[in-house]
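Each value in this text was obtained by applying a stated rule to the coordinates, not by laboratory testing. A quick note: this is a predicted structure, and the numbers were derived from the prediction, not measured. Backbone-built Cβ (ideal geometry, glycine too); neighbour counts: all protein chains shown.
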Amino acid sequence: MAIGYENTLSFWKANPPDPTKQPISARLVEAYLFRTELQLKFMRGIPGAMDEIVRDYPNVSAEWKELAIWIAPSEPNYQARRITEQNEDTIGDFLVAQMKMPYSQAKALLKSLSKGTKGAPNKRPQTLKMLDAMVANGWSYAQVAVRMCDCGNRSHNEKCRETIRKRIKELDALLARYGILYQRGTPGKK
């Protein structure tokens with residue numbers, strides 16, 4: 001399992017998003033890599049690191065998963081990772097017995113790992129590209145709709161702009177949770 005995390009680190013370190021053309025993607029990948037490195041430290045059982053991670057980042061696995069669904073589909077050989085009942089029991093036993101984590105905390109962590117997320121997962125990478133374009137180019141929703149709408153129609157109207165606004169609003173909520181701030185709109189305007 002650690003090999004998958006190491007491959008993720010290698011991939012994104014070798015292929016980082018361009019912070020000028022993809023400012024939001026670059027920040028999400030930074031947050032994702034930080035959590036990937038924490039996962040590796042935890043899995044390797046580095047003395048002291050495990051206690052620090054459990055104390056300071058109790059939801060690191062859930063956060064890693066949440067970030068992965070926005071950026072990982074562009075990774076080669078990416079497969080959604082699901083926790084089976086057997087894996088859940090093994091992880092739970094490890095957290096309680098070896099990590100001395102309270103049962104209620106381990107249970108909450110496993111629940112957060114198992115639950116799905118809202119929204120259209122197949123649209124998330126495209127939504128991220130849209131927001132990158134808005135920020136990098138100072139585009140409006142109308143400009144994004146004309147240039148990037150994936151509805152399949154030849155022309156794009158208010159409905160397309162509203163759909164894009166809703167999708168970006170979901171991404172904005174994620175960015176706010178991770179403290180990723182940005183300025184949208186024409187350069188120099190909020």
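Overview of values
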read-out: From the C-alpha gyration tensor of the stretch 121-177, square roots of 5λ in Å; value: 18, 13, 10
read-out: Point-to-point label distance, ARG177-VAL96, nm (Cα→Cβ direction, 7 Å offset); value: 2.7
read-out: Inter-site label distance for ALA26 and ALA142 at 7 Å from Cα along Cβ, in nm; value: 3.0
read-out: Out-of-range pairs (alpha-carbon distance over 30 Å; input LYS21/LYS123; LYS13/LYS159; LYS107/LYS166; LYS100/LYS123; LYS41/LYS169; LYS100/LYS129); value: LYS13/LYS159; LYS107/LYS166; LYS100/LYS123; LYS41/LYS169; LYS100/LYS129
read-out: D (Stokes-Einstein, µm²/s), Kirkwood Cα radius, the stretch 2-81, 1.306 mPa s at 10 °C; value: 121
read-out: ³J(HN,Hα), Karplus 6.51/-1.76/1.60, whole Hz, each residue of the stretch 28-35, x for Gly, Pro; value: 5, 5, 4, 4, 5, 5, 4, 6
read-out: Kirkwood hydrodynamic radius of the stretch 1-44, from inverse mean 1/r over distinct Cα pairs, in Å; value: 10.8
read-out: FRET efficiency for ASN153 and LYS111, using Cβ-Cβ distance with R0 set to 45 Å, rounded to 0.05; value: 0.65
